[in-house]
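Scroll down for the structure; my scribbles are underneath it.
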Amino acid sequence: MFTLTQFPLPYAYDGLMPYMSRETMELHHGKHVATYIKNLNELIQNTPYEQVSLYEIIKTSAKDTQNPNAQKIFNNAAQVFNHDFFFNGMCRDCGGKIPDEIANAFGGDDKFREQFKSAATSLFGSGYTWLVRDGDALKIINMANADTPIAHNMVPILNLDVWEHAYYVDYQNRRAEFVDNYLDHLVNWDVVAENLKN
Ligand code: MN
């Protein structure tokens, strides 16, 4: 039987301070993500979803009209993927720089930051701002709730979780400050560069 377990982080819960607190990480990774994993394992029990990878669960449940729990399965599976991607794409002041391919696609480092920040601060409600490869093009897009590029045949390159649980403990309503700190201090551009090769 396929049972998903919590994925490890490449840093400690206090490893992103002061830009993301230990308390936020304990709640976000230790409680929210743990609940998505628990829900998913329960929902897929004794279904064909038990036999396939997380990636296949997401792709299949997005189009599943048979299983009455398909939407719940999709939401929980996509949230597991989205958070794994988000947490693995960060480190604190780990250096690196915006890859040339991204800077070139958006007219420079600053233009990329401006456009990403504009998208992330304007996303209404819960969701993620993503940098994706869609066909040959790099695009910054907002997706609501648990939605994820892999359900739309796009390649994820970078994502920022702007659900309130991602920043409210540390920034309250100041989402713009959270986005700035993310871009200036938390993005692991080496991981982003690796994702560009996919
Ligand atoms: Mn989250």
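Every read-out reported here was derived from the displayed coordinates using simple, explicitly stated rules and does not represent laboratory data. Just so we're clear, the structure is a prediction, and the values are computed from it rather than from any experiment. Cβ: placed from backbone, ideal geometry, glycine included. Neighbour counts: every protein chain shown.
So how strong a dipole does segment 1-107 carry about its Cα centre when Lys and Arg Cβ are +1 and Asp and Glu Cβ are -1, to the nearest 20 debye?
The calculated dipole for segment 1-107 is roughly 180 debye.
For the chain, which semi-axes, largest first and in whole Å, follow from the square roots of 5 times the eigenvalues of its Cα gyration tensor? Mind showing how you got there, number by number?
Numbers: eigenvalues 152, 80, 45 Å².
That gives 28, 20, 15 Å for the three semi-axes.
Would you mind estimating how fast segment 1-99 diffuses translationally, via Stokes-Einstein at 25 °C and 0.890 mPa s with the Kirkwood radius over Cα pairs, in µm²/s?
167
Size of the dipole of the chain about the Cα centre, Lys and Arg at +1 and Asp and Glu at -1 on the beta carbon, nothing else charged, in debye to 20?
340
Taking Cα atoms of segment 57-123, Rg/Rh with Kirkwood Rh, to two decimals?
Looking at segment 57-123, the ratio lands at 1.15.
Once both labels are modelled 7 Å past Cα along the beta-carbon direction, what's the residue 172-residue 14 spacing in nm?
For the pair residue 172/residue 14, the computed spacing is 2.5 nm.
If the reach is capped at under 18 angstrom between alpha carbons, list the lysines near residue 117, excluding any in the same chain fewer than eight residues apart.
Hits, sequence-local ones excluded: 97, 139.
Starting from the eigenvalues of the Cα gyration tensor, five times each then square-rooted, give me the equivalent ellipsoid semi-axes of segment 113-198, largest first, whole Å.
So the three semi-axes of segment 113-198 are 22, 15, 11 Å.
Summing -39500 (n - 2.57) over the DSSP H runs of n ≥ 4 in the chain and dividing by its residue number, what mean residue ellipticity at 222 nm do you reach, to the nearest 500 deg cm²/dmol? Please list the in-between numbers first.
On the way: 9 runs with 88 residues, N = 198.
Value at 222 nm, helices only, nearest 500: -13000 deg cm²/dmol.
Which of the lysines could be linked to residue 72 by a straight reach, that is with a Cα gap under 25 Å, when you skip same-chain ones fewer than 8 residues away?
Within the straight-line limit of under 25 Å, residue 72 reaches these lysines: 31, 38, 59, 63.
Run the quick spin-label model on residue 111 and residue 65: label points 7 Å from Cα toward the beta carbon, then report their separation in nm to one decimal.
Computed distance between label sites residue 111 and residue 65 equals 4.3 nm.
For segment 100-197, give the magnitude of the charge dipole about the Cα centre (Cβ charges: +1 Lys/Arg, -1 Asp/Glu; no others), in debye to the nearest 20.
The calculated dipole for segment 100-197 is roughly 240 debye.
Have a look at 95, 125, 52 and report the one farthest towards the positive end of the charge dipole of segment 1-159, computed about the Cα centre with Cβ charges (Lys/Arg +1, Asp/Glu -1).
Most positive-ward Cα: 125.
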